[in-house]
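For reference, the structure is listed below as structure tokens.
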Amino acid sequence: MAKPRSGSTADALNMMVEAAKPLVKPPAHIKLTKEEQPFWKAIIECKPPNDWSDSDYILIGQLAKVHRLINIEHDKLVKEGMILNGKANPRIRVVNQLTARQGVLMRSLRLAGVPQGMTGMSARQDVQRNRAFRSAKRAQAQVGAEGEDLLA
């Protein structure tokens, strides 16, 4: 069955249903630390649950780890400064390499807009669907918060 056209009423309703589904937890073979869990959550919420494949979960786990490492290394770089003993701090290279790895993983997961070299309706529709899903997720969170206020 074909996906509804992005921007259609059927697609909007489908995105609301997808947004209401529980958060996908990391499979048992993907080991994440407590500090990496928020990154997993933020990444997994970028697309509808049905759009992720089993192999995507491996890349999402790697991306969550890279995000955490970027934060750690960047914090150290800020404390040490860009110049160390009169030379460029070697940590700059580490942060740059991690950031490059982050970009590769995001492109592999199709999270960075339309991937380079990918053209046509499919890529644009994916971007539109992801935006619609995130919008539905925000609307769901807002309704949930307002509902809690009504119950209080």
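The values are calculated or read from the model by the stated rules, or taken from the named source; none is laboratory data. Note that this is a predicted model, so its numbers are computed, not measured. FYI the Cβ positions are ideal-geometry reconstructions off the backbone, even for glycines, and counts take in every protein chain you see.
Can you tell me which residues in segment 27-85 are of a type in the set (Val, Ile, Thr) and more than 17 Å from MET106 (Cβ to Cβ)?
Across segment 27-85, the qualifying residues are ILE30, THR33, ILE72, VAL78, ILE83.
If ALA28 satisfies every condition in (1) at pLDDT 95 or above; (2) closer than 16 Å to ASN130 by Cα; (3) hydrophobic (A, V, I, L, M, F, W, C) but one, which is the exception?
(2)
Go through (1) loosely packed, with under 12 Cβ neighbours inside 10 Å; (2) under 20 Å from VAL127 (Cβ atoms) one by one and return the number of the condition MET82 breaks.
Only one criterion is unmet by MET82, namely (2).
What is the number of the single condition among (1) in a loop (DSSP other than H, G, I, E, B); (2) over 15 Å from the mean Cα position of the chain (by Cα); (3) surrounded by 13 or more Cβ atoms within 10 Å (Cβ to Cβ) that VAL95 does not meet?
(1)
Only one residue in LEU13, LEU77, LEU32, LEU69 is surrounded by 14 or more Cβ atoms within 10 Å (Cβ to Cβ), free of Cβ contacts under 8 Å to residues at least 40 places away in the same chain and more than 20 Å from the chain's Cα centre (by Cα), so which one is that?
Values: LEU13 fails: surrounded by 14 or more Cβ atoms within 10 Å (Cβ to Cβ); LEU32 fails: more than 20 Å from the chain's Cα centre (by Cα); LEU69 fails: more than 20 Å from the chain's Cα centre (by Cα).
When all the criteria are applied, what remains is LEU77.
State all residues of segment 86-100 that are out of contact with any helix residue (DSSP H, G or I) (no Cβ under 8 Å at 6 or more places or on another chain) and under 23 Å from LYS65 (Cβ atoms); if no residue qualifies, say none.
PRO90, ARG93, ASN96, GLN97, ALA100
Consider segment 43-66. How many of its residues are without any contact (Cβ under 8 Å) to a residue 24 or more places away in the chain and assigned to a helix (DSSP H, G or I)?
Summing the residues that are without any contact (Cβ under 8 Å) to a residue 24 or more places away in the chain and assigned to a helix (DSSP H, G or I) in segment 43-66 gives 2.
Which condition from (1) more than 18 Å from PHE133 (Cβ to Cβ); (2) surrounded by 13 or more Cβ atoms within 10 Å (Cβ to Cβ) is the one that ASP51 breaks?
(1)
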